[in-house]
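The values are calculated or read from the model by the stated rules, or taken from the named source; none is laboratory data. Small disclaimer: the values here were computed from a predicted structure and weren't measured. FYI the Cβ positions are ideal-geometry reconstructions off the backbone, even for glycines, and counts take in every protein chain you see.
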Amino acid sequence: MFLEPIDFARMYREHKASTDFKAKNRDDWDEKSADMAQSTINSPYVEDFISRMELSGDEVILDIGCGPGALTIPLAKRVKEVIAIDFSARMLEELEAYAVRENVSNIKTYHIGWEDNWNHLPQIDIVVASRSMEVSDIDAALTKMSAHARKRCYLTYKVGGSFVDMNILDYIGKKVKTKPDYWYIPIILYSHGFLPRVDYIETGRGSVRSGSEEEFVESLIWSIGTLEEEYQEKAREYYREVIVAQSRPPRPVSWAFISWETTK
């Protein structure tokens, strides 16, 4: 097989370790939970994701990195049960509040993440990971997903290796090492004997906001992690000269939608 001489799993781990876009921790996501609930719930992305799923209505679904429940609640209205896990306790609180508002009761939440033991979870038919694949070892994550899904898996992963429009970074002069791109995933799945399908979902905005100048700079800092004052000043200039003066918001974000059957 032509892939055998290339260790794509190792390549991913090394690339991920070297990227400037570092994974956020529990505290980061706890702080972001209210904002996430406001910006992701009832978004077109959610319907687009669910429309690509094969559902009969009697499934038990595992939602990994469920966040405030943007995908969890709509799925719970269509299937038997959703098991929602997240390593941010505040995200789970937002989800539970959302479930109460929507009068949804067929959800079980667990305060666990990718690195935790999932053996205590009930039997799962379908596993989803929506925009929650920022893991250090993609091979281990994909193996874990496949092992817990009796039928199939669905995930989305950012296309392009950057959470920030590269036009912005070029303008402000900030050089970054991008994160691993999505193509690692179908290759690794194929190497394990799966036949993944790949499609794409486009969203209107990424992690960088353009609502106000300060929101723009703050979201840029959030995405990159740190941003020296000289780059912040250039970012403010970009906001005034490009986003406002030329009416050019940051480019839409594309997500690779990847699915595979777990019954080989």
Practice item. Scan segment 232-264 for residues that are outside any loop (DSSP other than H, G, I, E, B) and within 26 Å of ILE185 (Cα to Cα) and report the count. Key: 9
Study note, to complete from the structure: Expected single match for assigned to a helix (DSSP H, G or I), surrounded by fewer than 18 Cβ atoms within 10 Å (Cβ to Cβ) and on the phi < 0 side of the Ramachandran plot among GLU202, GLU215 is GLU215
Revision key, fill the gap. THR156 vs (1) farther than 29 Å from GLU47 by Cβ; (2) modelled with pLDDT of 90 or more; (3) not in a helix (DSSP H, G or I): all pass except (1)
Exercise for review: Tell me which residues, restricted to segment 56-68, are closer than 17 Å to SER259 by Cβ and out of contact with any strand residue (DSSP E or B) (no Cβ under 8 Å at 6 or more places or on another chain).
Suggested key: SER56
Practice item. Quick one: LYS175 ticks every box in (1) assigned to a loop (DSSP other than H, G, I, E, B); (2) within 24 Å of THR40 (Cβ to Cβ); (3) over 23 Å from the mean Cα position of the chain (by Cα) except a single one, so which number is it? Key: (2)
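With segment 24-139 as the region, which helices (runs of 4 or more DSSP H) entirely inside it contain at least 3 residues that are closer than 30 Å to PHE8 by Cα? Please lay out each step first, then the result.
Numbers: elements: 26-40, 44-51, 72-76, 89-101.
Those helices (runs of 4 or more DSSP H) span 26-40, 44-51.
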Point to revise | Index of the failed condition, GLU59 passing every other in (1) surrounded by fewer than 17 Cβ atoms within 10 Å (Cβ to Cβ); (2) in contact with a Lys or Arg (Cβ under 7 Å, 6 or more places away or on another chain) | key: (1)
Practice item. Identify all residues within segment 56-85 that are in contact (Cβ under 8 Å) with a residue 40 or more places away in the chain and either among the polar types (S, T, N, Q) or in contact with a His (Cβ under 7 Å, 6 or more places away or on another chain) (or both); write none if there are none. Key: LEU62
**Study point:** Residue selected from segment 150-187 under the condition surrounded by 18 or more Cβ atoms within 10 Å (Cβ to Cβ) and of a type in the set (Lys, Arg), by the criterion nearest to PRO122 (Cα to Cα)
**Key:** ARG152
Practice item. Filter segment 87-132 down to residues that are hydrophobic (A, V, I, L, M, F, W, C), in contact (Cβ under 8 Å) with a residue 60 or more places away in the chain and buried (at least 16 other Cβ atoms within 10 Å of the Cβ) and give me whichever is farthest from LYS77 (Cα to Cα). Key: PHE87
